[in-house]
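One structure is given below, encoded as structure tokens.
The values are calculated or read from the model by the stated rules, or taken from the named source; none is laboratory data. Predicted model only: the values in this text are computed from it and were never measured. Please note: Cβ atoms are built from the backbone with ideal geometry, for glycine as well, and neighbour counts cover all protein chains shown. For accessibility, only protein heavy atoms count, side chains too; no ligands or nucleic acids. Shrake-Rupley method; radii C 1.70, N 1.55, O 1.52, S 1.80 Å.
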Amino acid sequence: MLDKGLIHCFYLILILGIQPLLAQMEEQPVPGQNLHINQFYRAASFYPGVDGRDIRVSIKEFPFDSADIDLKSRYFNSHLEQGTTTTHAGLMATLVGGAGIAEAQALGAAPACWVTSTGFNNLNPESISWYRNQNIQVQNHSYGFYIDPRYSAAARDYDRTTEAVNTLVHVFSAGNKGDSSAITGKYANLKGFSNLSGAFKMAKNVLVVGAIDSLGQVPVFSSKGPTYDGRIKPDLVAFGHDGSSGAAALVSGTAALLQQVYRDLWDTLPPSDWVRAILLNSAVDIGPLGPDYAAGFGNLNAKRSLDNAVHQRYVVAMVSNGESQVFPLSVPPLMRELKIALAWNDPSATENAPTALLNDLDMTLTDPSGLVLYPWVLSSAPHLDSLSVPARRGRDTLNNVEQITLQLPQTGMYQITVKGARVGLSPQTFALAFDGDTLGHFDWIYPLKNSDAPAKTEVILRWEQALDDSLVSLEWKPVTAQDWLPLLSDISLPKGWVRCILPEYFGASQLRLLGSGQAYMSDTFLISKALQIKIGYNCIDSVYFYWNPAAANANYQVYGLGDQNMKPILVTQDTFLLLSKLDFPQKRFAVAPTDPRGILGARSAAPDINTQGVGCYIATFNAVQNVSGGTELRLDLGTYSGVKSVYIEKEKEGIFMPLADWYDPVQISFTALDQKIDQGANVYRARVMRYDQYQIISDTITVWSTGTSAVLLFPNPSSRFEGLSVLLKETEVSDLFLYDVSGKLMATYTLTETLTPLDLRDWSPGVYFFQLQRNGIVLETGKLVVGK
């Protein structure tokens, strides 16, 4: 008979169209996250109030830890969580919306958004009523499946949800199958193309995100397009520490930022095609000019996306069948590149439709001289050579995203025309986004003010520019110095990055790229070694913590945990702090080095003071019996700061007497030896006296000893329900005989360990006698009292 679980599994396979023995999977990890690459830190410095506040994001996969300090204050229950929590899910939630509390590196793209978990046992979208009732604005899908090139029921349903809830943005990882090939469909056996990991990623109205490495290149493993019918996917790429999974999470977080900007401007959420148009038109083109099947429309640029949203470089409109909408666009002088993108949410097609696009819109651009320019299109012919050909201009009849770019456009008035080439009975809404880059433009991406700039460590310096193809040199100086010091030469300026080892130095500094009579100076930033905070003690009334010094002349910004984020609480020149919990009740603290100008270095981690294994001064106190039969007591403190005296004490007739003491200690570890071990219980404690006469007393430690006897039975008297322990002086096989008062043998135990517990629950209360024998020789006799 079939197991019920197997019956359920077979039923799931039927309704999802999933092949047996295959399952959805989290994309494989690629370590090393960096938020500078997609300009999140730069975006935050220009738009500090844009943080995804009150935007609600669903992470569709196994649950993440909702108690994570970086997420828990903004977690809401989806009522659709499934399975066991996974690290991968936690990483995705953190990349989308981490607050950066426990670690500064745990900062997400939208650190004030709300997050929830939605199970992915079902690869279809949730119900439309759920998206509406839960007010979900973004859903992240960082998981993959086998390559399945078709417009599946799931792809249709994802398109359908964006029709019904037009503010909903679905973001999918492209997959990590870039060196594979489809085994069915139009692009079968074309290795390196059309290998998106799942048929649901063939949807039209969603964002599919590929990966780039830290140097801006698409790695082999990142899944490529086209879709089964030749459409451009992935839509864009981003850097993720674990490949396309993390890349998708960063795009989801950026979508939340854009939604906040639009909501704050217009008091309503934007349509999802507007989000797609802004993101794709703001991306940085990589590789050949125009889109391609590896990087889509380019590398995610969070800063540029917010620029275009905040400065309202877009239009939201609609067009009917055969109708044209015309939009004038004035192009100023000295523009290096003009970019225009059109996006619309197309109605869902039927399952397994040979071509997914239903409503076809056409965009053209007319320049001041009357020349008509068409969007970029890619060859979709099923041949490796054809799929590798760079984009050309032409009419696009496959995609619901179109883009026109123009290098060195002439100054003047242009016209953007959007025509409803093939539209159903209802008008088709759409979004236009436009962007431009000015000649001579240069900006540093890293380092920025308050960047993490570790001393004597290799980093990748980054910039963006619209300059000549030239070689430059790199120089450095402290801000207080007059002269610049050479670091590197023969750097390619258009490359946009260079590896560099920062000097072994503490202080505010600057970099500059120098060439052709031009100097491109960085922000002022702080070079410093990394700091690590440690808890000295954690008492009821106070907490003491300390950290390694950054330099002799360093100041330190101290942070404490607020409602949702780390907040600055004070500045100090010391490398330790004793804080009253009445004034500072925070559960986490962190520090960052700073110079007198207020330029910050990297913030330390912020450990939970209650989970560091450090109590009120006393970190550990334990006892170890030595080979001579004595007891060695070992005490470790979290700190000796503020300690007047330390005592290790032993109880004698109800009074604790010092075994050893130390006054004005300058160490944190203490050892005392007790060679006068009493038979039975030996009870010890540690006591710390502060200068303010406040005492900290450890828990007691009890060491049982046989004394001069061969065996000890304890406790004696014993309770039937308390149990009995038998302690041998020497670990050799021995026999223990128990007799009642009449001399009747009640039980025999063979003892093979030094300490053996005995169960007395079946014994009657009374007096018993014991005898310990080894090899037939009586070693010890005695009396045992068993109580009720």
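Counting Cα-Cα pairs of segment 652-744 in 5 Å increments starting at 0 gives whole-percent bin shares of 2, 9, 15, 18, 16, 12, 9, 8, 6, 3, 2, 1, 0.
Think of the chain as having a plus end and a minus end, set by charges on the Cβ of Lys, Arg, Asp and Glu; of Pro593, Phe670, Gly108, Gly108 sits farthest toward the positive end of this dipole. Here the accessible area of segment 538-674 is 53 percent carbon and sulfur, with a 1.4 angstrom probe and all protein chains present. Spin-label model, Arg395/Ala317: points 7 Å from Cα along the beta carbon direction are separated by 2.0 nm.
Remark: the Asp735-Ser669 segment gains 19.6 nm on full extension, using 0.36 nm per residue and subtracting the alpha carbon distance. Net charge dipole, segment 479-577: roughly 240 debye, given to the nearest 20, about the Cα centre with Cβ charges of +1 for Lys and Arg and -1 for Asp and Glu.
Comparing Leu361, Ala199, Gln693 along the charge dipole axis of the chain, the residue lying farthest to the positive side is Leu361, per the Cβ-charge model.
Its Cα centre serving as origin, segment 582-683 has a Cβ charge dipole (Lys and Arg +1, Asp and Glu -1) of approximately 420 debye. In straight-distance terms, cross-link reach from Lys783 covers every one of the aspartates and glutamates whose alpha-carbon lies under 20 Å from its own, apart from those fewer than eight places away in the same chain; here that gives Asp678, Glu722, Asp735, Asp740, Asp759, Asp762.
Each part reduced to its alpha carbon centroid, segment 738-754 and segment 455-520 end up 84 Å apart. Measuring r between the beta carbons of Ser214 and Asp692 and using R0 = 51 Å, the FRET efficiency lands at 0.45. The alpha-carbon of Lys652 sits under 17 angstrom from the alpha-carbons of these lysines, leaving out residues fewer than 8 places away in its chain: Lys676.
The mean accessible area for residues of segment 596-698, using a 1.4 Å probe and ignoring ligands and nucleic acids, is 50 Å² per residue.
Specify the inter-centroid distance of segment 630-662 and segment 263-320, based on alpha-carbon positions, in whole Å. Using only Cα atoms to place each centre, the spacing works out to 67 Å.
The local environment of Pro607, defined by Cβ-Cβ distances under 9 Å, has a net charge of +1 under the rule Lys, Arg +1 and Asp, Glu -1.
The largest accessible area among Ile101, Ile183 belongs to the first residue in Ile183, Ile101, and the rest follow in falling order (1.4 Å probe, all chains).
Assuming charge only on the beta carbon of Lys and Arg (+1) and of Asp and Glu (-1), the dipole of the chain about its Cα centre is about 500 debye to the nearest 20. Per residue of the chain, the DSSP helices (runs of n ≥ 4 H) give a summed -39500 (n - 2.57) that works out to -4000 deg cm²/dmol at 222 nm. The C-alpha atoms of the chain define a longest principal axis, and helix 272-282 lies at about 80 degrees to it.
Summarising the strand pairing of the chain, around 85 percent of its internal DSSP beta bridges are antiparallel. The calculated FRET efficiency for Asn352 paired with Ser73, based on their beta-carbon distance and R0 = 45 Å, is about 0.50. Among Phe297, Pro409, Phe545, whose Cα projects farthest towards the positive end of the dipole of the chain, with charges put on the beta-carbon of Lys, Arg (+1) and Asp, Glu (-1)? Positive-most Cα among the choices belongs to Pro409.
Applying a threshold of 26 Å to the alpha-carbon distances of Lys204/Lys495; Lys72/Lys233; Lys303/Lys449; Lys177/Lys419 flags Lys204/Lys495; Lys72/Lys233; Lys177/Lys419 as lying beyond it.
Over the chain, Cα pairs under 8 Å with separation of 6+ residues give a relative contact order of 8 percent. Distance between the C-alpha centres of segment 327-362 and segment 113-171: 22 Å, rounded to the whole angstrom. The local environment of Met363, defined by Cβ-Cβ distances under 9 Å, has a net charge of -2 under the rule Lys, Arg +1 and Asp, Glu -1. Stretched out straight at 0.36 nm per residue, the stretch from Ser641 to Val624 would grow longer than its current Cα-Cα span by 3.4 nm. The slack in the chain from Ala381 to Leu659, taken as 0.36 nm per residue of separation less the alpha-carbon distance, amounts to 91.3 nm.
Rolling a 1.4 Å probe over the protein heavy atoms of segment 54-121, with every protein chain left in place, gives an accessible area that is 53 percent carbon and sulfur. Entry comment: accessible area of segment 246-289 is 24 Å² per residue, from protein heavy atoms only and a probe of 1.4 Å.
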